[in-house]
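K.L.:
Let me begin by handing over the structure; questions about it come next.
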Amino acid sequence: MSEHFLKQPEWVWNVSGNEMPTYVHHWVRPLSEHNQPFDLILYGAPISRSSISVSGASLYPTEFRMMWKSFATYNLDENVDLNSFRVADAGDVMMHTTDILLSHQRIQRSTAFLAEHYPNTRTCMIGGDHSTTACAVRGIKEAFPEDTIGVLQLDTHLDVRDPNELGPANGTPIRQLIDGHHILGEHVINIGLHGYFNAKPLIDYANEHGIQMITLNQARGHGLIKTIKRALDELSGKADRIYVTVDMDVLDISVAPGVPASTPGGMSASELFNSLLEIGKHPCVKHIDFVCLDPSKDSHVSETVKVGVYAWLQFITGLILQSK
Ligand SMILES: [Mn+2]
């Protein structure tokens, strides 16, 4: 088996000159151009054939990169310029046209490759649907077999539907990881659950396996940011590294037309942004992904893709504030 399946992304910004970048599309550089160390590795996992409902989330990594042009590297709220932080774009995992299992193996192998070759660098995967998270976490586990992995999941759903029934689909990643003994249920904290979107047997599975479910109402009651921090502190006490998975369907449907599975009663965009800032600040967060955003369903002004890029930049701002 080859070492990895990463290829140059479909969309690469053409940049000339050596001046300090002021816009995101001038700032993120391909991994191949980085001869110095870097702080974050970005890679795409463009697959959504594994989605239970029809999804074009495979289009997101490219749309995400194309949207960089609309964002400056300077964060006015925090008075921080991201441009001294080095992000290397490792490209996209090459997907097989029809073979989902093979594509999943490639995501796992490519994630393991990046984690093995850059063990001290944080990784950020852009999905793809939520099935990609199971592959990425298995890849991390492959690279660090001794390490216990804690998972913070921002999601409207538990994603613990039965893989025996649905296979490695976007409704099953957390259960695949628990049933496959890659992680323990008690090392999973889900924040963002609400309302009528998880059937009772799924709640029962979560309880049986010790998954911590913090509803959005509970989190708001205690303070969302305080709750995020507390969850990360707790996971860092139990696990060696934390993997954060952000299912964009955690967003309220009114702000996320590009996430078909988003629901009423979800997070506002600013709640998501503040959450990502806090997540970035936490030293134990080593891996993150953003999944389930379908640009083909987005509004004509690409509002959800903009929310997605903004949320990602908030995470990076958090990383920078952490080291200050
Ligand atoms: Mn999900």
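The values are calculated or read from the model by the stated rules, or taken from the named source; none is laboratory data. Model, not experiment: these values are computed from the prediction. Methodologically, a virtual Cβ is constructed for each residue, glycine included, from the backbone with ideal geometry; neighbour enumeration extends over all protein chains shown. For accessibility, only protein heavy atoms count, side chains too; no ligands or nucleic acids. Shrake-Rupley method; radii C 1.70, N 1.55, O 1.52, S 1.80 Å.
K.L.:
Which ones in region 305-318 are of a type in the set (A, V, I, L, M, F, W, C), open to solvent by less than 10 Å² (accessible area, probe 1.4 Å) and away from the ligand (no atom under 16 Å from the Cβ)?
P.N.:
Initial filter on region 305-318 (of a type in the set (A, V, I, L, M, F, W, C)): 305, 307, 309, 311-313, 315-316.
After this cut, where a residue has to be open to solvent by less than 10 Å² (accessible area, probe 1.4 Å) as well, the list is 305, 309, 311-312, 315-316.
Residues satisfying the conditions are VAL305, VAL309, TRP312, PHE315, ILE316.
K.L.:
Another question, then. Would it be correct to say that SER270 is touching a residue at least 24 places away in the same chain (Cβ under 8 Å), out of contact with any helix residue (DSSP H, G or I) (no Cβ under 6 Å at 6 or more places or on another chain) and open to solvent by 10 Å² or more (accessible area, probe 1.4 Å)?
P.N.:
Details: touching a residue at least 24 places away in the same chain (Cβ under 8 Å): no; out of contact with any helix residue (DSSP H, G or I) (no Cβ under 6 Å at 6 or more places or on another chain): yes; open to solvent by 10 Å² or more (accessible area, probe 1.4 Å): yes.
For SER270, the condition - touching a residue at least 24 places away in the same chain (Cβ under 8 Å), out of contact with any helix residue (DSSP H, G or I) (no Cβ under 6 Å at 6 or more places or on another chain) and open to solvent by 10 Å² or more (accessible area, probe 1.4 Å) - is not met.
K.L.:
Does region 93-133 hold any residues that are within 26 Å of THR156 (Cβ to Cβ) and acidic (Asp, Glu), and which are they?
P.N.:
ASP129
K.L.:
List pairs: first in region 34-47 and open to solvent by less than 30 Å² (accessible area, probe 1.4 Å), second part of a loop (DSSP other than H, G, I, E, B) and among the aromatic types (Phe, Trp, Tyr), Cβ under 9 Å, 6+ apart or cross-chain?
P.N.:
Listed by first residue and then by second, the contacts come to PHE38/PHE85; PHE38/TYR118; LEU40/PHE85; ILE41/TYR118.
K.L.:
Search region 83-106 for residues that are farther than 24 Å from LEU40 by Cβ and pair each with any residue that is among the polar types (S, T, N, Q) when their beta-carbon atoms are under 6 Å apart and the residues are at least 6 apart or on different chains.
P.N.:
HIS96/SER103; ILE100/SER50
K.L.:
Select from region 262-272 the residues that are more than 16 Å from the ligand (Cβ to nearest atom) and either in a helix (DSSP H, G or I) or of a type in the set (D, E, K, R) (or both) and list them in ascending order.
P.N.:
Passing the criteria: ALA269, SER270, GLU271.
K.L.:
Here is a follow-up. Of all residues in region 122-159, how many are within 13 Å of the ligand (Cβ to nearest atom), surrounded by fewer than 24 Cβ atoms within 10 Å (Cβ to Cβ) and among the hydroxyl-bearing types (Ser, Thr, Tyr)?
P.N.:
Going through region 122-159 one residue at a time, the tally reaches 0.
K.L.:
Please enumerate the residues belonging to region 48-60 that are open to solvent by 10 Å² or more (accessible area, probe 1.4 Å) and assigned to a helix (DSSP H, G or I).
P.N.:
Result: SER58, LEU59.
K.L.:
Going through region 273-304 one residue at a time, which ones are open to solvent by less than 40 Å² (accessible area, probe 1.4 Å) and either among the charged types (D, E, K, R) or part of a helix (DSSP H, G or I) (or both)?
P.N.:
Looking only at region 273-304, we keep the residues that are open to solvent by less than 40 Å² (accessible area, probe 1.4 Å), and these are 273, 275-280, 282, 284-285, 287-295, 298-299, 302, 304.
Answer for region 273-304, where residues must be open to solvent by less than 40 Å² (accessible area, probe 1.4 Å) and either among the charged types (D, E, K, R) or part of a helix (DSSP H, G or I) (or both): PHE273, SER275, LEU276, LEU277, GLU278, ILE279, GLY280, ASP289, ASP294, PRO295, ASP298, THR304.
K.L.:
If you go through region 107-121, how many residues are closer than 10 Å to GLY139 by Cα, open to solvent by 10 Å² or more (accessible area, probe 1.4 Å) and touching a residue at least 60 places away in the same chain (Cβ under 8 Å)?
P.N.:
Step one: filter region 107-121 for residues closer than 10 Å to GLY139 by Cα, giving 107-116.
Checking which are open to solvent by 10 Å² or more (accessible area, probe 1.4 Å) leaves us with 108-109, 113, 116.
Pick out the ones that are also touching a residue at least 60 places away in the same chain (Cβ under 8 Å) and you get 109, 113.
Result for region 107-121: 2.
K.L.:
Same structure again: Taking region 160-207 as the search range and keeping residues that are within 10 Å of the ligand (Cβ to nearest atom) and closer than 17 Å to ILE288 by Cα, which one is most open to solvent (accessible area, probe 1.4 Å)?
P.N.:
Residue satisfying both the conditions and the ranking: ASN170.
K.L.:
Those residues that are in a loop (DSSP other than H, G, I, E, B), surrounded by 15 or more Cβ atoms within 10 Å (Cβ to Cβ) and in contact (Cβ under 8 Å) with a residue 60 or more places away in the chain, I need them from region 214-259; list them, please. Talk me through it step by step, then tell me what you get.
P.N.:
Let us first name the residues in region 214-259 that are in a loop (DSSP other than H, G, I, E, B), namely 223, 239-240, 256-259.
Applying the additional criterion that residues be surrounded by 15 or more Cβ atoms within 10 Å (Cβ to Cβ) yields 239, 256-259.
If the condition is that a residue be in a loop (DSSP other than H, G, I, E, B), surrounded by 15 or more Cβ atoms within 10 Å (Cβ to Cβ) and in contact (Cβ under 8 Å) with a residue 60 or more places away in the chain, then ALA239 is the only one that fits.
Here is a yes/no grid of residues against (1) among the hydrophobic types (A, V, I, L, M, F, W, C); (2) under 25 Å from SER103 (Cβ atoms); (3) out of contact with any Ser or Thr (no Cβ under 7 Å at 6 or more places or on another chain):
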{"position": "GLN153", "(1), (2), (3)": "no, yes, no"}
{"position": "ASN170", "(1), (2), (3)": "no, yes, no"}
{"position": "ARG175", "(1), (2), (3)": "no, yes, yes"}
{"position": "LEU184", "(1), (2), (3)": "yes, no, yes"}
{"position": "LEU202", "(1), (2), (3)": "yes, no, yes"}
{"position": "HIS209", "(1), (2), (3)": "no, no, yes"}
{"position": "LEU216", "(1), (2), (3)": "yes, no, yes"}
{"position": "ASP233", "(1), (2), (3)": "no, no, yes"}
